[in-house]
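Coordinate-derived values only; no laboratory data. Everything numeric here is computed off the predicted structure, so don't read it as measured data. With ideal geometry, Cβ positions are generated from the backbone for all residues, glycine too; neighbour counts draw on all protein chains shown.
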2 protein chains.
Amino acid sequence: AIFSAAQAVLAPQDLAGQHLLVTAGPTREELDPVRYLSNYSSGKMGYAIARAARMRGADVVLVSGPTFLTPPQGVTLIPVVSAEQMRKTVLDALPKATAVVKSAAVADYRPASLSTQKLKKSDEDMTLVLEKNPDILAEVGAGKEGRVLVGFAAETQDLLKHAADKLKRKNLDLIVANDVTQAGAGFDVDTNIVKLLHADGHVEALPQLSKDEVAHQLLDRVVELLKQREAKTDQV
Amino acid sequence: AIFSAAQAVLAPQDLAGQHLLVTAGPTREELDPVRYLSNYSSGKMGYAIARAARMRGADVVLVSGPTFLTPPQGVTLIPVVSAEQMRKTVLDALPKATAVVKSAAVADYRPASLSTQKLKKSDEDMTLVLEKNPDILAEVGAGKEGRVLVGFAAETQDLLKHAADKLKRKNLDLIVANDVTQAGAGFDVDTNIVKLLHADGHVEALPQLSKDEVAHQLLDRVVELLKQREAKTDQV
């Protein structure tokens, strides 16, 4: 605790006055009271970003799916379970935010019908109909106004192609792309190997870093983008 | 640590010489490298049983699906992910066991086809075909020989009916039934409210107890059952 207090004091306060909205973790989509569909996101990357942003002086709201992580001190944690809950919470928190970092791994699909009773095993195989969840990132992108918007792309193939496509389609300023099949990257490990794709097309490949270091690198870019916004606003 | 060492010394050594095989936690069934199907089992009940059995002198193998719990000291933990892995591990460990307590919440179904690449979102809804997982408990029940076999039934309705049916169908000696919709019972809480159904038809309703206390109550019954077995074997 003493060490992190010292870190906080030593960190540049270059996000002071900014309101960061960070999402983290997986979502869980219930099939019935017992079973759910989820993904391997641990929330570590998003929590690292929230912690680093707080250290650098930002006011931070962290909307998090189910994780087993300790919430960073000084951060407003709003726990959610499903994509639908995450959407509602993010849209509620959005008006105040000056920058949004969406690192949550939101489930693309949810069961089309939710059973209120535990489904019983039958002899037959079972067909589960899934319907698409709301696309929160696209919704935030469409209504982003002056905000800086950062997304994530966790892929297993054609990483840069998928990430560049997502950046454009969702009106992002920056996308953090990582190949989750790489050792030392992705879910549930403490390091990450990412590429940063900017809206102007340039790509930065970062080396293997701790998730805390990736968070600070990312926030350096956010600070830059916020400065550019302010410069633009000043010109008007 | 000192407290639990004292507990271990004070506990009756009534399971000394016995080999307990305990399963715990959920299983995860992969859809692709990123997504999975699982359930809300925290593993707390199974870990409590493994810990209590070790305290009472048993040699304990704990086969556990993914949990965030600390393995009990002195217990041989074998981590698994899917039902298929749990089946293989349980069948491997079975020959040595004198009693088996299957508290894991094994997924009944798994995706019929596993994608090696992350599935991409399309505009359409998605149909997921699930196939039945192996019924490990029934398999252990069918080949149980002289072993004491304890199962669990986590239900949301018709608790006693479903539990009694499962007890009989799977050749169990005892089944621990709990209604997971009750406050203070079921997944991810530290207490449980259970009914113990015996093969001879009698039912004991226990009050709300800590999972450690439920574990000891359960092991009292296992000790009794093991004694009955030995008495029977002696008669032959």
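Calculate the mean, over all residues of peptide A:26-37, of how many other protein chain Cβ atoms lie within 10 angstrom of the residue's Cβ. Kindly include the intermediate steps, with their values, before the conclusion.
Values: counts 3, 0, 2, 2, 1, 4, 2, 10, 15, 10, 6, 7.
Mean partner shielding for this stretch: 5.
Any idea what Rg and Dmax come out to for the protein assembly as shown if you just take the C-alpha atoms, in Å?
Values for the protein assembly as shown (Cα only, Rg and Dmax): 25.5, 98 Å.
Going 7 Å from Cα along the Cα-Cβ axis for the label, what nanometre distances separate B:Gly143 from the same residue across the other copies?
The projected label point of B:Gly143 is separated from its counterparts by 5.9 nm.
Considering only B:Phe68, B:Phe187, B:Phe152, give the residue with the highest GNM mean-square fluctuation for chain B, with springs between Cα atoms whenever their separation is below 10 Å.
For chain B, modelled as a Gaussian network with Cα springs under 10 Å, the answer is B:Phe68.
For n ≥ 4 DSSP H runs only, could you compute -39500 (n - 2.57) per run for the protein assembly as shown, divide by its residues and tell me the 222 nm figure to the nearest 500? Intermediate results must be reported in sequence, preceding the final value.
Working: 12 runs with 150 residues, N = 472.
Computed ellipticity for the protein assembly as shown at 222 nm equals -10000 deg cm²/dmol.
By its C-alpha gyration tensor, with a ≥ b ≥ c as the square roots of the eigenvalues, how is chain B shaped: rounded for a/c under 1.5, else prolate for a/b larger than b/c, else oblate?
Working: a/c = 1.69, a/b = 1.59, b/c = 1.06.
Judged from the Cα gyration tensor, chain B comes out prolate (a/c at least 1.5, a/b above b/c).
Shortest first and in nm with one decimal, please list how far the B:Arg229 label point sits from its counterparts in the other copies (point 7 Å along Cα→Cβ).
Once sorted, the set of distances for B:Arg229 reads 6.6 nm.
Specify the residue with the greatest mean-square fluctuation among A:Ala164, A:Ala105, A:Ala183, computed from a Gaussian network of chain A linking alpha-carbon atoms under 10 Å apart.
Sorting by GNM fluctuation, first place goes to A:Ala183.
Classify segment A:89-198 as rounded, prolate or oblate from the Cα gyration tensor: take a ≥ b ≥ c as the square roots of its eigenvalues, call it rounded if a/c is under 1.5, otherwise prolate when a/b beats b/c and oblate if not.
On the way: a/c = 2.36, a/b = 1.44, b/c = 1.65.
Because a/c hits 1.5 or more and a/b fails to exceed b/c, segment A:89-198 counts as oblate.
Taking 7 Å along the Cα-to-C-beta vector as the label spot, tell me the B:Ser113-A:Val203 distance in nanometres, rounded to one decimal.
Distance between label points: 3.0 nm.
Could you go through segment B:162-171 in sequence order and give the Karplus-derived ³J(HN,Hα) for each residue, using 6.51 cos²θ - 1.76 cosθ + 1.60 with θ = phi - 60°, rounded to whole Hz, and x for Gly and Pro?
Those phi angles translate into 4, 5, 5, 5, 5, 3, 6, 4, 9, 6 Hz.
Return the sequence-ordered ³J(HN,Hα) values of segment B:125-135 in whole Hz as given by the Karplus equation 6.51 cos²θ - 1.76 cosθ + 1.60 applied to θ = phi - 60°, using x for Gly and Pro.
5, 10, 10, 10, 8, 10, 10, 5, 6, x, 8
For segment B:141-199, what percent of Cα pairs sit more than 18 Å apart? Could the numbers behind the result be given before it?
On the way: 589 of 1711 pairs.
Summing the P(r) of segment B:141-199 above 18 Å gives 34 percent of all pairs.
Can you give the longest run of chain A that contains no trypsin sites (Lys or Arg not before Pro) sitting in a DSSP loop with at most 16 other Cβ atoms inside 10 Å? Please report the intermediate quantities before stating the final value.
Values: sites that count: A:Lys120, A:Lys121.
Result, exposed sites excluded: A:1-119.
Could you check the simple spin-label distance between B:Lys168 and A:Val129, using points 7 Å along Cα→Cβ, in nm with one decimal?
Spacing of the two 7 Å Cα→Cβ label points: 3.6 nm.
Once label points are set 7 Å from the Cα along Cα→Cβ at both B:Ala142 and A:Gln13, what is their separation, rounded to one decimal in nm?
That separation, rounded to one decimal, is 7.1 nm.
Can you give me the relative contact order of chain A as a percent, contacts being Cα pairs under 8 Å and 6 or more apart?
Details: 477 pairs, mean separation 43.3, N = 236.
Here the relative contact order equals 18 percent.
Given a Förster distance of 35 angstrom, what is the FRET efficiency for A:Lys88 paired with B:Glu213, based on the Cβ-Cβ distance and rounded to 0.05?
Working: r = 40 Å, r/R0 = 1.14.
According to the calculation, E is roughly 0.30.
Less than 16 Å apart at the alpha-carbon level, and either on another chain or at least 8 residues along: which aspartates and glutamates does that give for B:Lys166?
A:Asp123, B:Asp108, B:Asp135, B:Glu139, B:Glu155, B:Asp158, B:Asp179, B:Asp200
Can you list residues from other chains, or at least 5 along the same chain, whose modelled amide H is less than 5 Å from the amide H of B:Leu77?
HN-HN under 5 Å from B:Leu77: B:Leu62.
Placing unit charges on C-beta atoms (Lys and Arg positive, Asp and Glu negative, everything else neutral), compute the dipole magnitude of chain A about its Cα centre in debye, rounded to 20.
Details: 28 positive and 30 negative charges, 80 e Å.
About 380 debye.
Quick one: label points 7 angstrom along Cα→Cβ at B:Asp92, distances to the other copies in nm, smallest first?
Those label-point separations list as 4.8 nm.
Apply the Karplus curve 6.51 cos²θ - 1.76 cosθ + 1.60, θ = phi - 60°, to the phi angles in segment A:14-30 and return the couplings in whole Hz, x for Gly and Pro.
Once rounded to whole Hz, the list reads 7, 10, 4, x, 8, 10, 9, 10, 10, 10, 8, x, x, 10, 10, 10, 6.
Restricting attention to segment B:127-236, which GluC sites (Glu not before Pro) occupy a DSSP loop and are surrounded by at most 13 other Cβ atoms within 10 Å?
Values: sites: B:Glu131, B:Glu139, B:Glu145, B:Glu155, B:Glu204, B:Glu213, B:Glu224, B:Glu230; in loops: B:Glu145.
Those that pass, being in a loop and sparsely packed, are B:Glu145.
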